[in-house]
Structure formats: structure tokens, C-alpha cells
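What follows is one structure encoded as C-alpha cells, with my remarks underneath.
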Amino acid sequence: MARYEEIHVRGYAEFCQAVSERKGKDLFAYFCGDKDAEGTSWCPDCVRAEPILKGEMGHLPEGSVFIYCQVGERNYWKDPSNDFKRTLKLTGVPTLLRYGTPQKLVEEECFKAELIRMMFTED
């Protein structure tokens with residue numbers, strides 16, 4: 001039995017739905033560029049960060065929820081008025097955040113296993 005729940009969503013509406021269905025839980029969200037048929041994101045930093053992130057997921061708190069969200073095609077992401085930028089105040093991908101807190105790792109910070117682990121293990 002996994003210690004945490006992992007959900008995969010695509011786009012802002014699916015993300016909001018996943019969050020609203022899990023109110024009161026400890027939520028972590030990872031945002032990356034959409035993947036192609038081979039599973040490769042258009043965002044090179046996302047490709048680089050993913051194995052590091054996956055390696056730290058064993059440190060997620062018991063009972064927490066990990067939402068893996070693809071933010072859309074590159075053109076959508078580049079639009080400054082997209083929902084992720086406007087509403088969630090995301091500035092780049094990849095971004096890992098502890099939902100509902102100021103804790104956030106952006107772009108190169110997602111390459112650092114110790115920063116990811118710190119976010120997963122801090123109360």
C-alpha cells in the first residue's frame with residue numbers, strides 16, 4: 001500500500017477538480033510541460049527534473065497527495081494570461097509546490113534532491 005496517493009492530471013480544470021476532491025489533505029503539486037507520445041516533455045528542465053523528483057517521492061508524508069500536472073502545450077504555457085500563471089502565480093516549469101503554503105521550488109531548484117526532500121519532510 002502506497003503511503004501517499006499519486007494523481008495525474010492535465011490542464012487547469014483537471015487540477016482544480018483533483019484539489020477540490022481532496023480538501024484537508026496535505027497536497028503537493030508538480031507542474032511540467034505536456035509530454036509527447038514518447039512521454040517526453042517539451043520542457044528540457046522538466047525532463048531533467050523528473051528522475052530526481054521520482055527518486056525523492058518515497059519521502060512524501062504519510063497520507064499526502066501528489067498531483068502530477070501537465071500544464072499544456074508550449075504556446076499555451078508561454079501565454080502570460082494562462083490560468084496557471086494568473087491564478088496559481090506559477091512563473092516557470094517545472095514547479096513543485098506544497099499547495100496552500102508559500103513553499104515552492106521553481107525550475108533549477110527542482111534539480112536539487114535535498115530541496116525536494118526538505119519540502120516533503122518538513123512539517
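The values are calculated or read from the model by the stated rules, or taken from the named source; none is laboratory data. In this text the structure is predicted, and so the values were computed from the model without any measurement. No Cβ is skipped: glycine too gets one built from the backbone with ideal geometry, and neighbour counts run over all protein chains shown.
Report whether or not Glu107 is at pLDDT below 95, more than 19 Å from Val9 (Cβ to Cβ) and charged (D, E, K, R).
no
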Next item on the list: List every residue pair whose Cβ atoms lie under 8 Å apart, where the two residues are 6 or more positions apart in sequence or sit on different chains, the first residue falls within region 49-63 and is in contact (Cβ under 8 Å) with a residue 12 or more places away in the chain, and the second residue, located anywhere, is assigned to a helix (DSSP H, G or I) and among the basic types (Lys, Arg).
Entry: Glu56/Arg117; His59/Arg117
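Only one residue in Glu62, Glu108, Glu73 is of a type in the set (Asp, Glu) and closer than 25 Å to Arg3 by Cβ. Which one?
Working: Glu108 fails: closer than 25 Å to Arg3 by Cβ; Glu73 fails: closer than 25 Å to Arg3 by Cβ.
Of the residues listed, the single one that is of a type in the set (Asp, Glu) and closer than 25 Å to Arg3 by Cβ is Glu62.
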Margin query: Quick check on Ser20: is it touching a strand residue (DSSP E or B) at 6+ places or on another chain (Cβ under 6 Å) and either polar (S, T, N, Q) or modelled with pLDDT under 95 (or both)?
Written below: no
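Filter the strands (runs of 3 or more DSSP E) completely within region 26-123 down to those with at least 1 residues that are among the β-branched types (Val, Ile, Thr). Let's see the steps before the verdict.
Working: elements: 27-32, 65-70, 95-98, 104-106.
Of the strands (runs of 3 or more DSSP E) lying wholly inside region 26-123, those with at least 1 residues that are among the β-branched types (Val, Ile, Thr) span 65-70, 95-98, 104-106.
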Next item on the list: Starting from residues that are surrounded by 15 or more Cβ atoms within 10 Å (Cβ to Cβ) and hydroxyl-bearing (Ser, Thr, Tyr), keep the ones in region 1-50 and report whichever is nearest to the chain's Cα centre (by Cα).
Entry: Tyr30
